[in-house]
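The structure appears right after this line, and notes come after that.
The values are calculated or read from the model by the stated rules, or taken from the named source; none is laboratory data. As the structure is a prediction and not an experimental result, all values here were calculated from the model. Please note: Cβ atoms are built from the backbone with ideal geometry, for glycine as well, and neighbour counts cover all protein chains shown. Please note that ligands, DNA and RNA were not included when accessible areas were found on the heavy atoms of the full protein model with its side chains. Shrake-Rupley method; radii C 1.70, N 1.55, O 1.52, S 1.80 Å.
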Amino acid sequence: APVLTVAPVDSFCSTNKTACTGPVAISFRVDEACSVPEDLTMTVVLDAGDDGTFDGILDDSQITGTYPAFTVAGSYPIGAHALRVSVSDGCGNTTVQRVPFVVYDCQAPAPVCINGLSVELGALPGDEDVDGDGILDLASAVVPATSLIGRALDDCSAPVTYSINRQGMRAEQNQDSLLLT
């Protein structure tokens, strides 16, 4: 049977925030000794979502190269997928190999923030240390992270969450508001 050798597949990056797809290129080599290369038949099928359901045969525009080296290239959605490469020779031998790959969302959303937000501190009813710094506070306000967002974000790996942190302090992803005194 033909021998199918697939180059190590790394993960692929999507930076397309409109289509949420990324460029994929997977190289493989076919070696066989039974017939002439012209007798080889090759079929590459996509399993979008890597769920075991084959979603279509790739056409010649997505498979390039000549015997013995080929490349499957295309743009695929973010997520896990697989290719099923099948090669048959002129003697009736067939080799099938499954090639899993993943397209990751590699671009963080870029927030559009409100510049120059003003917050009025509200008087506290008594002597309190609301921020825990050991100093009694006369007034305070809580600023939610979402109040600084000027425009909602679109992201391929939704949902988008927001945190707010003081400059120079360690960022805490779950801190969704800031206490001011």
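From the list VAL130, VAL102, VAL85, which one is within 30 Å of ARG166 (Cβ to Cβ) and open to solvent by less than 80 Å² (accessible area, probe 1.4 Å)? Give the steps one after another, and end with the answer.
Numbers: VAL102 fails: within 30 Å of ARG166 (Cβ to Cβ); VAL85 fails: within 30 Å of ARG166 (Cβ to Cβ).
Selected residue: VAL130, the only one of VAL130, VAL102, VAL85 that is within 30 Å of ARG166 (Cβ to Cβ) and open to solvent by less than 80 Å² (accessible area, probe 1.4 Å).
Confirm whether ALA110 is loosely packed, with under 15 Cβ neighbours inside 10 Å, in a loop (DSSP other than H, G, I, E, B) and of a type in the set (Gly, Ala, Ser).
Values: loosely packed, with under 15 Cβ neighbours inside 10 Å: yes; in a loop (DSSP other than H, G, I, E, B): yes; of a type in the set (Gly, Ala, Ser): yes.
Considered against the rule, which asks whether it is loosely packed, with under 15 Cβ neighbours inside 10 Å, in a loop (DSSP other than H, G, I, E, B) and of a type in the set (Gly, Ala, Ser), ALA110 comes out as yes.
For the range 149-177, residues that are in contact with a Pro (Cβ under 8 Å, 6 or more places away or on another chain) and either part of a loop (DSSP other than H, G, I, E, B) or farther than 30 Å from PRO77 by Cα (or both) total 8. Name the pairs: first residue in the range 14-28 and in contact (Cβ under 8 Å) with a residue 12 or more places away in the chain and within 19 Å of VAL72 (Cβ to Cβ), second residue among the acidic types (Asp, Glu) and surrounded by fewer than 20 Cβ atoms within 10 Å (Cβ to Cβ), Cβ to Cβ under 9 Å, at least 6 apart or on different chains? Cβ pairs passing all conditions: SER14/ASP105; GLY22/ASP105. The criterion of at least 3 residues that are β-branched (Val, Ile, Thr) is met by the following strands (runs of 3 or more DSSP E) wholly inside the range 1-83: 3-6, 21-31, 41-48, 63-66. Taking the criterion of being free of Cβ contacts under 8 Å to residues at least 60 places away in the same chain and either assigned to a loop (DSSP other than H, G, I, E, B) or surrounded by fewer than 10 Cβ atoms within 10 Å (Cβ to Cβ) (or both), the residues of the range 88-99 that qualify are GLY90, CYS91, GLY92. If you filter the range 29-58 down to residues that are without any contact (Cβ under 8 Å) to a residue 12 or more places away in the chain and in contact with a Leu (Cβ under 8 Å, 6 or more places away or on another chain), you find that the one that is most open to solvent (accessible area, probe 1.4 Å) is ASP55.
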